[in-house]
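The values are calculated or read from the model by the stated rules, or taken from the named source; none is laboratory data. Quick caveat: nothing in here was measured; it's all calculated off a predicted structure. Cβ atoms come from the backbone with ideal geometry, glycine included; neighbour counts cover every protein chain shown.
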Amino acid sequence: MKKILIAALILMLILTACDNGNIAEESNISDEYRIEDFYPLTENTKYIYEGVGNEFTSYTVFIDYKTDSRVQTRTNNGGSEYVKILELKDGQLKEVFFRGETYFRENFTDDEYEGGKILLKEPLKEGNSWLSGENSEATITNISKKVVTTQGNLEAIEVTIKNNNETVIEYYAKNKGLVKTVTTGEGYETVSTLSDIESNVPFIQTVTLFYPDINGINLNTVDVPVSFNTNDEPKDVIEKTLKDLSAYEIFSPNTKINELYYSLEENSVHLDLSKEFVTEMNSGAGFEEKILTCIANTLGTYYNTHNIYLTIEGGSYESGHIVLEEGEPLSVDYSNTKIDE
């Protein structure tokens, strides 16, 4: 009898240990999930989504800039192009910046932002909820939802976001990122699904370059495709483009772009050039004025602004013919311009 009791006790201990092990293993599965596993945005990658429900549900996403904690994405849905900054910090993925109608290249990742919208929040467990944005609550409603895509049948985390007017369900798959979005409201439903991921591809834009005709009287234009890899800066790409098109006589071979940036607060562009731009120009006053107008028009068209400020080595622009006072912008002037067709 004693042996039977001992055997029963041993068996009970074994079963209890096994059961505890299973419980521990199951409870640790979601504890091992990290947001970076489900949002692995990669440099020089194009994400392609196909959609139904309206004409803007199909779109592409490129990675403009990437830092240790932030990524700037560029989305084109056929009707508009906009940029977002996503920040992964303190166990949450947050959209801290959004700017619509942004057709130019600019690095916004270094600025400070307040507020924003939380997209994902750890722990990645079913039932975890948070305030996603104003009047919006997000909840992880499934951590192993099967999602059918052209990338295969994927297991994804399902996040349901509810506000006053609609419900958005987002699906994040490991090593893929956002693979599907379903938006429903009164009388409508839209669906966007990841269809392809293209690696090692640049983002290509078209820049309209203005240049003076041979007589220095009128301006001509030419549309030039330019390629940006992730973290490429506009000043480097535009400088190379202008020098490759040296026949149009905008920059001399030794001219450098020291600085080129767009100011959100001022809606202005600031361009600082090396001294060679002035010393190697070798032009009369009329032709020099046309060259400055070409620079203003090229940057004004690209950045969609009329506020273009030019400096030389950090100081005011001054040549033998033209002086720009401090704070005086270049003149954007599209008159006497022949548009390239």
- Message: Can you tell me which of (1) among the charged types (D, E, K, R); (2) crowded, with 19+ Cβ neighbours inside 10 Å; (3) under 24 Å from T184 (Cα atoms) is the one R74 doesn't meet?
- Response: (3)
- Query: What number of residues within the stretch 35-69 are of a type in the set (D, E) and either crowded, with 17+ Cβ neighbours inside 10 Å or part of a strand (DSSP E or B) (or both)?
  - Reply: 2
- Message: Criterion first (in the same structural domain as Q72 (by TED's automatic domain parsing), buried (at least 16 other Cβ atoms within 10 Å of the Cβ), touching a residue at least 60 places away in the same chain (Cβ under 8 Å) and of a type outside the set (F, W, Y)) does L124 satisfy it?
- Response: yes
- Residues located in the stretch 89-111, provided they are within 21 Å of T230 (Cα to Cα), charged (D, E, K, R) and outside any strand (DSSP E or B): E101, R105, E106, D110, D111
- Of Y113, Y171, Y188, which residue is touching a strand residue (DSSP E or B) at 6+ places or on another chain (Cβ under 7 Å) and modelled with pLDDT under 95? Y113
- Can you give me the number of residues within the stretch 199-221 that are surrounded by fewer than 19 Cβ atoms within 10 Å (Cβ to Cβ) and at pLDDT 90 or above? 8
- Query: Which ones in the stretch 60-94 are under 30 Å from K125 (Cβ atoms) and in contact (Cβ under 8 Å) with a residue 40 or more places away in the chain?
  - Reply: I63, K66, T67, L86, L88, G91, Q92, L93
- Report yes if some residue within the stretch 188-206 is closer than 30 Å to G286 by Cβ and of a type in the set (V, I, T); otherwise report no. yes
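Within the stretch 143-246, considering only strands (runs of 3 or more DSSP E) that don't extend past its boundaries, which have at least 2 residues that are of a type in the set (K, R), without any contact (Cβ under 8 Å) to a residue 40 or more places away in the chain and more than 25 Å from S274 (Cα to Cα)?
Values: elements: 152-162, 166-173, 177-185, 188-199, 203-212, 219-228.
Fully inside the stretch 143-246 and qualifying: nothing.
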- Note on the structure: Checked the stretch 86-142 for anything charged (D, E, K, R) and closer than 20 Å to N165 by Cα; matches are K117, E134, E137
- Task: Could you figure out which of (1) exposed (fewer than 15 other Cβ atoms within 10 Å of the Cβ); (2) more than 24 Å from R99 (Cβ to Cβ); (3) in contact (Cβ under 8 Å) with a residue 40 or more places away in the chain; (4) among the acidic types (D, E) isn't true of E249?
- Result: (1)
